[in-house]
1. Report, by residue number, each residue of the stretch 67-94 that is out of contact with any helix residue (DSSP H, G or I) (no Cβ under 8 Å at 6 or more places or on another chain), in contact (Cβ under 8 Å) with a residue 60 or more places away in the chain and not charged (D, E, K, R).
2. Between a residue in the stretch 147-165 that is closer than 12 Å to Pro230 by Cβ and any residue that is outside any helix (DSSP H, G or I) and not basic (Lys, Arg), which pairs come within a Cβ distance under 6 Å, given they are 6 or more apart or on different chains?
3. Would you please name the residue that is farthest from Val82 (Cα to Cα), looking only at residues in the stretch 97-128 that are assigned to a strand (DSSP E or B) and aliphatic (A, V, I, L, M)?
4. Pick from the stretch 218-235 the residues that are in contact with a Pro (Cβ under 9 Å, 6 or more places away or on another chain) and within 21 Å of Leu107 (Cβ to Cβ): which of them is surrounded by the most Cβ atoms within 10 Å (Cβ to Cβ)?
5. Output yes when any residue across the stretch 193-209 is without any contact (Cβ under 8 Å) to a residue 12 or more places away in the chain and either part of a loop (DSSP other than H, G, I, E, B) or out of contact with any helix residue (DSSP H, G or I) (no Cβ under 7 Å at 6 or more places or on another chain) (or both), and no when none is.
6. Could you list all residues from the stretch 185-217 that are of a type in the set (Lys, Arg) and either buried (at least 21 other Cβ atoms within 10 Å of the Cβ) or outside the structural domain of Asn96 (by TED's automatic domain parsing) (or both)?
7. Those residues that are buried (at least 19 other Cβ atoms within 10 Å of the Cβ) and of a type in the set (D, E, K, R), I need them from the stretch 166-181; list them, please.
Amino acid sequence: MKPVTALPSGATTQASAAAIRRTFVRYLREGPAPAVRVLPPRDRSAPPVLSIIIPTADGTRGGNLARLLEELRGQTLPRFEVIVVEGDRRQGRAINTGAAIARGDILVTMDDDTRLGHGDLLERLVAVFAEDSSIGIVGVSNVVPPDAPWIVRRAMRELPRRSSRLVDRVTDSDMAEHPCLAIRKDVFYRIGGEHEWIPRGLDPYLRQEVRRLGYRVVVAPRAWIHHLLPPSLRGILGQYYRNGVGAAYVAKFYPEFVIDQTLDHRARPGTPGSRLTRGVRYAGRVLASVVTLRWIYLATLASYAAGYAWGMRRLRDDSL
(Lines give C-alpha, C1' and ligand atoms only; values in the text may rest on other atoms or scores of the structure.)
Protein backbone atom coordinates (compact mmCIF):
# COMPACT_ATOMS: atom_id res chain seq x y z
CA MET A 1 0.00 0.00 0.00
CA LYS A 2 1.65 3.26 -1.07
CA PRO A 3 1.49 6.32 1.18
CA VAL A 4 -0.77 9.09 -0.04
CA THR A 5 -0.11 12.78 -0.27
CA ALA A 6 -0.64 14.45 3.10
CA LEU A 7 -3.25 17.13 3.50
CA PRO A 8 -2.27 20.58 4.72
CA SER A 9 -2.55 20.49 8.50
CA GLY A 10 -4.97 22.87 10.09
CA ALA A 11 -8.65 23.29 9.40
CA THR A 12 -11.52 20.97 8.58
CA THR A 13 -10.67 18.76 5.60
CA GLN A 14 -13.85 16.81 4.97
CA ALA A 15 -14.04 17.19 1.17
CA SER A 16 -10.35 16.55 0.55
CA ALA A 17 -10.26 13.58 2.94
CA ALA A 18 -13.30 12.09 1.22
CA ALA A 19 -11.36 12.06 -2.06
CA ILE A 20 -8.06 10.86 -0.62
CA ARG A 21 -9.65 8.08 1.47
CA ARG A 22 -10.56 6.21 -1.71
CA THR A 23 -6.86 5.59 -2.36
CA PHE A 24 -6.62 3.64 0.89
CA VAL A 25 -10.06 2.84 2.29
CA ARG A 26 -11.44 -0.28 0.67
CA TYR A 27 -14.81 -0.97 2.27
CA LEU A 28 -17.00 -2.43 -0.45
CA ARG A 29 -20.17 -0.60 0.52
CA GLU A 30 -19.23 3.05 0.23
CA GLY A 31 -20.78 4.94 3.13
CA PRO A 32 -21.17 8.67 3.62
CA ALA A 33 -17.88 10.51 3.90
CA PRO A 34 -17.10 11.31 7.55
CA ALA A 35 -16.13 14.73 8.81
CA VAL A 36 -12.36 14.93 9.27
CA ARG A 37 -10.61 17.52 11.41
CA VAL A 38 -6.82 17.79 11.63
CA LEU A 39 -5.28 19.54 14.63
CA PRO A 40 -1.68 20.49 13.78
CA PRO A 41 1.38 19.99 16.01
CA ARG A 42 2.41 22.67 18.49
CA ASP A 43 5.87 22.51 16.93
CA ARG A 44 5.48 23.04 13.17
CA SER A 45 9.18 23.34 12.39
CA ALA A 46 9.23 19.74 11.11
CA PRO A 47 6.68 17.07 10.16
CA PRO A 48 4.91 15.38 13.08
CA VAL A 49 6.44 12.29 14.62
CA LEU A 50 3.04 10.88 15.54
CA SER A 51 -0.42 11.01 13.99
CA ILE A 52 -3.12 10.34 16.57
CA ILE A 53 -6.36 9.06 15.01
CA ILE A 54 -9.57 9.34 17.04
CA PRO A 55 -12.78 7.89 15.56
CA THR A 56 -15.93 9.35 17.09
CA ALA A 57 -19.59 8.80 16.36
CA ASP A 58 -20.89 12.23 17.37
CA GLY A 59 -17.82 14.40 17.94
CA THR A 60 -18.41 14.79 21.68
CA ARG A 61 -18.88 11.43 23.48
CA GLY A 62 -20.56 13.29 26.33
CA GLY A 63 -17.63 15.66 26.79
CA ASN A 64 -15.03 12.89 26.83
CA LEU A 65 -13.50 13.85 23.48
CA ALA A 66 -12.94 17.46 24.57
CA ARG A 67 -11.25 16.20 27.74
CA LEU A 68 -8.99 13.88 25.73
CA LEU A 69 -7.97 16.69 23.37
CA GLU A 70 -7.13 18.88 26.36
CA GLU A 71 -5.01 16.09 27.86
CA LEU A 72 -3.19 15.70 24.54
CA ARG A 73 -2.37 19.41 24.55
CA GLY A 74 -0.57 18.82 27.84
CA GLN A 75 1.71 16.09 26.49
CA THR A 76 5.46 16.73 26.68
CA LEU A 77 6.00 15.60 23.07
CA PRO A 78 5.30 18.66 20.88
CA ARG A 79 5.43 17.09 17.42
CA PHE A 80 2.18 15.22 16.90
CA GLU A 81 -0.99 15.87 14.95
CA VAL A 82 -4.50 14.78 15.88
CA ILE A 83 -6.95 13.52 13.25
CA VAL A 84 -10.56 13.35 14.44
CA VAL A 85 -12.81 11.26 12.17
CA GLU A 86 -16.47 11.86 12.97
CA GLY A 87 -19.59 10.03 11.84
CA ASP A 88 -18.35 6.67 10.48
CA ARG A 89 -19.96 3.72 12.28
CA ARG A 90 -17.21 1.37 11.06
CA GLN A 91 -14.25 1.87 13.41
CA GLY A 92 -11.79 0.20 11.07
CA ARG A 93 -12.86 2.33 8.13
CA ALA A 94 -12.70 5.50 10.24
CA ILE A 95 -9.15 4.70 11.33
CA ASN A 96 -8.14 3.99 7.74
CA THR A 97 -9.60 7.35 6.73
CA GLY A 98 -7.29 9.02 9.22
CA ALA A 99 -4.32 6.86 8.23
CA ALA A 100 -4.75 7.85 4.58
CA ILE A 101 -3.91 11.47 5.40
CA ALA A 102 -1.56 10.99 8.35
CA ARG A 103 1.88 12.63 8.14
CA GLY A 104 3.54 10.98 11.12
CA ASP A 105 5.72 7.88 10.82
CA ILE A 106 3.88 6.39 13.79
CA LEU A 107 0.09 6.11 13.98
CA VAL A 108 -1.63 6.10 17.37
CA THR A 109 -5.27 5.09 17.68
CA MET A 110 -7.32 6.33 20.62
CA ASP A 111 -10.97 5.96 21.51
CA ASP A 112 -12.94 9.15 22.06
CA ASP A 113 -13.35 8.27 25.75
CA THR A 114 -9.70 7.41 26.44
CA ARG A 115 -8.11 9.20 29.40
CA LEU A 116 -4.34 9.64 29.40
CA GLY A 117 -2.51 8.44 32.48
CA HIS A 118 0.43 10.86 32.46
CA GLY A 119 1.97 13.76 30.57
CA ASP A 120 4.85 11.90 28.89
CA LEU A 121 2.80 8.99 27.51
CA LEU A 122 3.53 9.80 23.85
CA GLU A 123 7.25 10.18 24.52
CA ARG A 124 7.33 6.73 26.09
CA LEU A 125 5.64 5.19 23.04
CA VAL A 126 8.17 6.79 20.69
CA ALA A 127 11.07 5.62 22.88
CA VAL A 128 10.00 1.97 22.61
CA PHE A 129 9.99 2.10 18.81
CA ALA A 130 13.40 3.78 18.80
CA GLU A 131 14.92 0.98 20.87
CA ASP A 132 13.96 -1.96 18.63
CA SER A 133 13.17 -1.95 14.91
CA SER A 134 11.45 -5.35 15.21
CA ILE A 135 8.60 -3.84 17.21
CA GLY A 136 5.52 -3.15 15.08
CA ILE A 137 2.88 -2.31 17.70
CA VAL A 138 3.24 -0.67 21.10
CA GLY A 139 0.35 -0.67 23.55
CA VAL A 140 -0.05 0.54 27.11
CA SER A 141 -1.57 -0.73 30.33
CA ASN A 142 -5.17 0.12 31.24
CA VAL A 143 -5.35 1.15 34.89
CA VAL A 144 -8.51 1.79 36.91
CA PRO A 145 -8.27 5.23 38.54
CA PRO A 146 -9.29 5.63 42.21
CA ASP A 147 -11.98 8.18 41.27
CA ALA A 148 -13.90 5.69 39.12
CA PRO A 149 -17.42 4.77 40.34
CA TRP A 150 -17.45 1.69 42.59
CA ILE A 151 -19.38 -0.36 40.04
CA VAL A 152 -16.71 0.38 37.44
CA ARG A 153 -13.86 -0.48 39.80
CA ARG A 154 -15.48 -3.78 40.74
CA ALA A 155 -16.46 -4.69 37.17
CA MET A 156 -12.98 -3.99 35.82
CA ARG A 157 -11.50 -6.21 38.52
CA GLU A 158 -13.88 -9.05 37.68
CA LEU A 159 -13.92 -8.92 33.88
CA PRO A 160 -11.02 -10.38 31.87
CA ARG A 161 -9.07 -7.92 29.68
CA ARG A 162 -10.90 -4.86 31.02
CA SER A 163 -7.80 -3.72 32.89
CA SER A 164 -4.15 -4.72 32.69
CA ARG A 165 -1.26 -4.46 35.09
CA LEU A 166 1.69 -2.13 34.63
CA VAL A 167 4.95 -3.62 33.39
CA ASP A 168 8.47 -2.44 34.21
CA ARG A 169 10.07 -3.47 30.91
CA VAL A 170 9.06 -3.78 27.26
CA THR A 171 6.77 -6.84 27.33
CA ASP A 172 5.47 -8.91 24.44
CA SER A 173 1.73 -8.85 24.95
CA ASP A 174 -1.69 -9.58 23.53
CA MET A 175 -3.10 -6.62 25.47
CA ALA A 176 -2.17 -3.84 23.03
CA GLU A 177 -5.59 -2.42 22.10
CA HIS A 178 -7.16 0.44 20.17
CA PRO A 179 -7.89 2.77 23.13
CA CYS A 180 -4.17 3.55 22.93
CA LEU A 181 -2.25 1.60 20.29
CA ALA A 182 0.79 2.82 18.36
CA ILE A 183 1.88 1.20 15.10
CA ARG A 184 4.56 2.00 12.56
CA LYS A 185 2.79 3.57 9.60
CA ASP A 186 4.76 1.59 7.03
CA VAL A 187 3.75 -1.65 8.76
CA PHE A 188 0.13 -0.49 8.92
CA TYR A 189 0.18 0.20 5.18
CA ARG A 190 1.86 -3.14 4.41
CA ILE A 191 -0.91 -5.12 6.07
CA GLY A 192 -3.52 -3.04 4.25
CA GLY A 193 -4.68 -1.13 7.31
CA GLU A 194 -7.58 -1.97 9.59
CA HIS A 195 -10.15 -4.57 8.66
CA GLU A 196 -13.19 -2.65 7.43
CA TRP A 197 -15.81 -5.40 7.14
CA ILE A 198 -16.04 -6.58 10.74
CA PRO A 199 -17.56 -4.56 13.61
CA ARG A 200 -15.67 -6.50 16.30
CA GLY A 201 -12.36 -8.26 16.56
CA LEU A 202 -10.31 -5.40 15.10
CA ASP A 203 -7.65 -5.55 17.84
CA PRO A 204 -6.85 -9.28 17.45
CA TYR A 205 -6.91 -8.97 13.66
CA LEU A 206 -4.39 -6.12 13.69
CA ARG A 207 -2.10 -7.90 16.13
CA GLN A 208 -2.30 -11.12 14.12
CA GLU A 209 -1.39 -9.42 10.84
CA VAL A 210 1.52 -7.49 12.36
CA ARG A 211 2.92 -10.67 13.88
CA ARG A 212 2.47 -12.43 10.55
CA LEU A 213 4.94 -9.94 9.06
CA GLY A 214 7.44 -10.90 11.77
CA TYR A 215 7.04 -7.86 14.02
CA ARG A 216 6.61 -7.86 17.78
CA VAL A 217 3.53 -6.62 19.60
CA VAL A 218 4.48 -5.17 22.98
CA VAL A 219 3.29 -3.09 25.91
CA ALA A 220 5.42 -0.11 26.95
CA PRO A 221 6.86 -0.01 30.46
CA ARG A 222 5.37 2.40 32.98
CA ALA A 223 2.85 3.72 30.45
CA TRP A 224 -0.88 3.69 31.09
CA ILE A 225 -4.29 5.07 30.26
CA HIS A 226 -7.74 4.88 31.81
CA HIS A 227 -10.35 3.32 29.54
CA LEU A 228 -13.41 2.64 31.62
CA LEU A 229 -16.68 0.78 31.42
CA PRO A 230 -20.00 2.68 31.56
CA PRO A 231 -20.74 3.99 35.08
CA SER A 232 -23.81 1.81 35.71
CA LEU A 233 -24.63 -1.89 35.68
CA ARG A 234 -27.26 -1.27 33.02
CA GLY A 235 -24.71 0.48 30.82
CA ILE A 236 -22.16 -2.29 31.31
CA LEU A 237 -24.65 -5.01 30.42
CA GLY A 238 -25.84 -3.02 27.40
CA GLN A 239 -22.26 -2.76 26.16
CA TYR A 240 -21.74 -6.52 26.49
CA TYR A 241 -25.04 -7.21 24.74
CA ARG A 242 -23.87 -5.09 21.80
CA ASN A 243 -20.51 -6.88 21.90
CA GLY A 244 -22.36 -10.17 21.61
CA VAL A 245 -24.33 -8.90 18.60
CA GLY A 246 -21.10 -7.77 16.92
CA ALA A 247 -19.39 -11.08 17.65
CA ALA A 248 -22.35 -12.93 16.13
CA TYR A 249 -22.02 -10.84 12.97
CA VAL A 250 -18.38 -11.84 12.57
CA ALA A 251 -19.07 -15.51 13.36
CA LYS A 252 -22.00 -15.60 10.96
CA PHE A 253 -20.56 -13.80 7.94
CA TYR A 254 -16.76 -13.76 8.44
CA PRO A 255 -15.92 -16.84 10.54
CA GLU A 256 -12.35 -16.82 9.25
CA PHE A 257 -11.80 -13.65 11.30
CA VAL A 258 -12.88 -15.15 14.63
CA ILE A 259 -9.55 -14.84 16.45
CA ASP A 260 -8.81 -16.05 19.96
CA GLN A 261 -7.55 -13.65 22.65
CA THR A 262 -5.53 -14.30 25.79
CA LEU A 263 -6.23 -13.07 29.31
CA ASP A 264 -2.64 -12.19 30.23
CA HIS A 265 0.19 -10.07 28.85
CA ARG A 266 2.67 -12.80 28.09
CA ALA A 267 0.37 -15.54 26.77
CA ARG A 268 0.09 -16.02 23.04
CA PRO A 269 -3.37 -16.48 21.49
CA GLY A 270 -4.35 -19.97 20.45
CA THR A 271 -6.75 -21.14 17.77
CA PRO A 272 -10.43 -20.32 18.38
CA GLY A 273 -11.62 -23.84 17.55
CA SER A 274 -15.08 -24.87 16.43
CA ARG A 275 -18.33 -23.34 17.65
CA LEU A 276 -18.75 -26.32 19.94
CA THR A 277 -15.29 -25.77 21.41
CA ARG A 278 -16.01 -22.08 21.94
CA GLY A 279 -19.35 -22.97 23.52
CA VAL A 280 -17.69 -25.35 25.99
CA ARG A 281 -15.10 -22.70 26.81
CA TYR A 282 -17.88 -20.18 27.39
CA ALA A 283 -19.68 -22.56 29.72
CA GLY A 284 -16.44 -22.97 31.65
CA ARG A 285 -16.24 -19.21 32.11
CA VAL A 286 -19.81 -19.14 33.38
CA LEU A 287 -18.99 -21.86 35.91
CA ALA A 288 -15.81 -20.07 36.96
CA SER A 289 -17.70 -16.81 37.52
CA VAL A 290 -20.15 -18.61 39.82
CA VAL A 291 -17.45 -20.47 41.77
CA THR A 292 -15.43 -17.27 42.30
CA LEU A 293 -18.54 -15.17 43.11
CA ARG A 294 -17.88 -12.70 40.29
CA TRP A 295 -21.51 -11.74 39.78
CA ILE A 296 -20.92 -8.83 37.44
CA TYR A 297 -18.81 -11.10 35.24
CA LEU A 298 -21.63 -13.66 35.26
CA ALA A 299 -24.17 -10.99 34.29
CA THR A 300 -22.00 -9.79 31.39
CA LEU A 301 -21.57 -13.35 30.15
CA ALA A 302 -25.36 -13.76 30.13
CA SER A 303 -25.86 -10.40 28.41
CA TYR A 304 -23.20 -11.20 25.80
CA ALA A 305 -24.80 -14.60 25.16
CA ALA A 306 -28.22 -12.98 24.68
CA GLY A 307 -26.80 -10.53 22.15
CA TYR A 308 -24.93 -13.31 20.37
CA ALA A 309 -28.07 -15.47 20.15
CA TRP A 310 -30.12 -12.56 18.83
CA GLY A 311 -27.44 -11.72 16.27
CA MET A 312 -27.09 -15.26 15.00
CA ARG A 313 -30.84 -15.44 14.51
CA ARG A 314 -31.66 -11.99 13.16
CA LEU A 315 -28.64 -10.31 11.58
CA ARG A 316 -28.24 -9.91 7.83
CA ASP A 317 -25.02 -9.13 6.02
CA ASP A 318 -26.03 -5.46 5.71
CA SER A 319 -27.31 -5.10 9.30
CA LEU A 320 -24.20 -3.49 10.83
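The values are calculated or read from the model by the stated rules, or taken from the named source; none is laboratory data. Keep in mind that this is a model prediction, so the values were computed, not measured. So basically every Cβ, Gly included, is an ideal-geometry build from the backbone, and we count neighbours across all protein chains shown.
1. Answer for the stretch 67-94, where residues must be out of contact with any helix residue (DSSP H, G or I) (no Cβ under 8 Å at 6 or more places or on another chain), in contact (Cβ under 8 Å) with a residue 60 or more places away in the chain and not charged (D, E, K, R): just Ala94.
2. Listed pairs, sorted by first residue: Ala148/Leu228; Pro149/Pro231; Val152/Leu228; Val152/Leu229; Val152/Pro231; Ala155/Leu229; Met156/Val144; Met156/Ser163.
3. The first filter runs over the stretch 97-128 and keeps only residues assigned to a strand (DSSP E or B), leaving 106-110, 115-116.
Retained after the next criterion (residues that are aliphatic (A, V, I, L, M)): 106-108, 110, 116.
Working: Ile106: 12, Leu107: 10, Val108: 9, Met110: 10, Leu116: 14 Å.
Restricting to residues being assigned to a strand (DSSP E or B) and aliphatic (A, V, I, L, M), the top hit is Leu116.
4. Taking the candidates together, the pick is Ile225.
5. Within the stretch 193-209, the first condition is being without any contact (Cβ under 8 Å) to a residue 12 or more places away in the chain, and the residues that meet it are none.
No; the residues of the stretch 193-209 include none that is without any contact (Cβ under 8 Å) to a residue 12 or more places away in the chain and either part of a loop (DSSP other than H, G, I, E, B) or out of contact with any helix residue (DSSP H, G or I) (no Cβ under 7 Å at 6 or more places or on another chain) (or both).
6. Our first condition is that a residue be of a type in the set (Lys, Arg); within the stretch 185-217, this holds for 185, 190, 200, 207, 211-212, 216.
Arg200, Arg207, listed by residue number.
7. Residues satisfying the conditions are Asp174, Glu177.
Yes/no per residue for (1) among the β-branched types (Val, Ile, Thr); (2) out of contact with any Gly (no Cβ under 6 Å at 6 or more places or on another chain); (3) at positive phi:
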site	(1), (2), (3)
Val85	yes, no, no
Arg89	no, yes, no
Arg93	no, yes, no
Ala100	no, yes, no
Arg103	no, yes, no
Thr114	yes, yes, no
Asp120	no, yes, no
Arg124	no, yes, no
